[in-house]
Amino acid sequence: MSFIEKIKKIITNKDIEEGLLMSEIKKVIHLYSENTIDIESKSIIDIYKNKIEIIENNNQSANIIQTGFENLDQLISGVNLGEFIIFGSRPGMGKTSLMINLALNFSKSIPVLYFTFDLSENALSSRIISNLTSISTEKITNHQLDENELMAIKNIDNNINHFNLFINEGYSNSMTSFRIHCEKMVNEKGVKVVFIDYIQLMSSNKYKNKRELEVSHISRELKRIAKELNICVIATSQLSRAVEQR
């Protein structure tokens, strides 16, 4: 039973006294935030049989998604559902550009959810339009377009309809809220891949003044969410410029 279904069951349960209603809801929220959900163990025999069936039917497309970059797909054989992936580099190395390219490639065939913490919705849309038209982001952002460039932007209307991409910039600093929204988008929109740009701008409110521990905790939670919802979670991580001195 999903988180939302559990909450609905509590609210509609007439046997629960009004004074205990919030207490029962808090228990479910705590269960999800602390990840104490009982997950069924699987027999190695069942896992083996399932793997053999996938191999015999060559049914890789059920769990593997191609990135659309031929060299990258040859290197990693696409991305897997239930997987958590981090792209890390120092600032200014093109992490966001890579994420936008991947999101657009994936969203041609599957629903994609993109959390933008670094850029506003307006700034991200400028990046996406730049990607589709090869017009510089600066020109689009500053509205410094000639007639041909403006016409090129208007002509991508038909292309935009091919992208099943959802963008979220209104995220609250709560891993529970993040999980609930992801679960909602998975259930209602069929989202298969979730992008996060970037992980250091997330917060769990669990480790105050201990940022390294908090980022580690967030990473573990994202990995758990990917497995439980059977989605691929892809995040960027900002590395210190000090790596250049090594």
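Here the range 62-154 is treated with +1 on each Lys and Arg Cβ and -1 on each Asp and Glu Cβ, and its dipole about the Cα centre works out to around 120 debye. With 0.36 nm allotted per residue and the present C-alpha distance subtracted, the LYS189-SER237 stretch has 14.6 nm of extension available.
With the alpha-carbon atoms of the range 63-156 aligned to their principal axes, the span from lowest to highest coordinate is 44, 29, 23 Å, starting with the largest. Per-peptide packing, taken as the mean over residues of other Cβ atoms within 10 Å, places 198-205, 85-92 in the sequence 198-205, 85-92 from highest down. The accessible-area ordering, largest first, of the residues PHE163, PHE69 stands as PHE69, PHE163, per a 1.4 angstrom probe. Surface listing: LEU104, LEU75 arranged by accessible area from highest to lowest gives LEU75, LEU104, probe 1.4 Å. Of HIS143, THR116, LEU102, which is farthest along the charge dipole of the range 96-154 in the positive direction, counting Lys and Arg as +1 and Asp and Glu as -1 at C-beta? Positive-end residue among those listed: LEU102.
Tell me, what is the FRET efficiency for ILE86 and ASN230 to the nearest 0.05, using R0 = 22 angstrom and their Cβ-Cβ distance as r?
Details: r = 19 Å, r/R0 = 0.86.
E(calc), rounded to 0.05, equals 0.70.
Taking a point 7 Å out from the Cα of HIS162 in the direction of its Cβ, the residues of the range 93-133 whose backbone N falls within less than 13 Å of it are 104-110, 132-133. When both the range 190-232 and the range 106-123 are represented by their alpha-carbon centers, they are found 16 Å apart. Are any of the pairs LYS8/LYS49; LYS108/LYS206; LYS139/LYS184; LYS95/LYS223 more than 28 Å apart by Cα-Cα distance, and if so, which? Check vs 28 Å cut-off fails for LYS8/LYS49; LYS108/LYS206; LYS139/LYS184. Please give the residues of the range 105-140, grouped as numeric ranges, whose backbone N is less than 12 Å from a label point set 7 Å along the Cα-to-Cβ vector of ASN155. Answer for the range 105-140: 133-134.
The values are calculated or read from the model by the stated rules, or taken from the named source; none is laboratory data. On a predicted model such as this, the values are computed, not experimentally measured, just so you know. Using ideal geometry, Cβ is built from the backbone for each residue, glycine included, and neighbour counts are taken over all protein chains shown. Heavy atoms of the whole protein, side chains included, go into the accessibility calculation; ligands, DNA and RNA do not. Shrake-Rupley method; radii C 1.70, N 1.55, O 1.52, S 1.80 Å.
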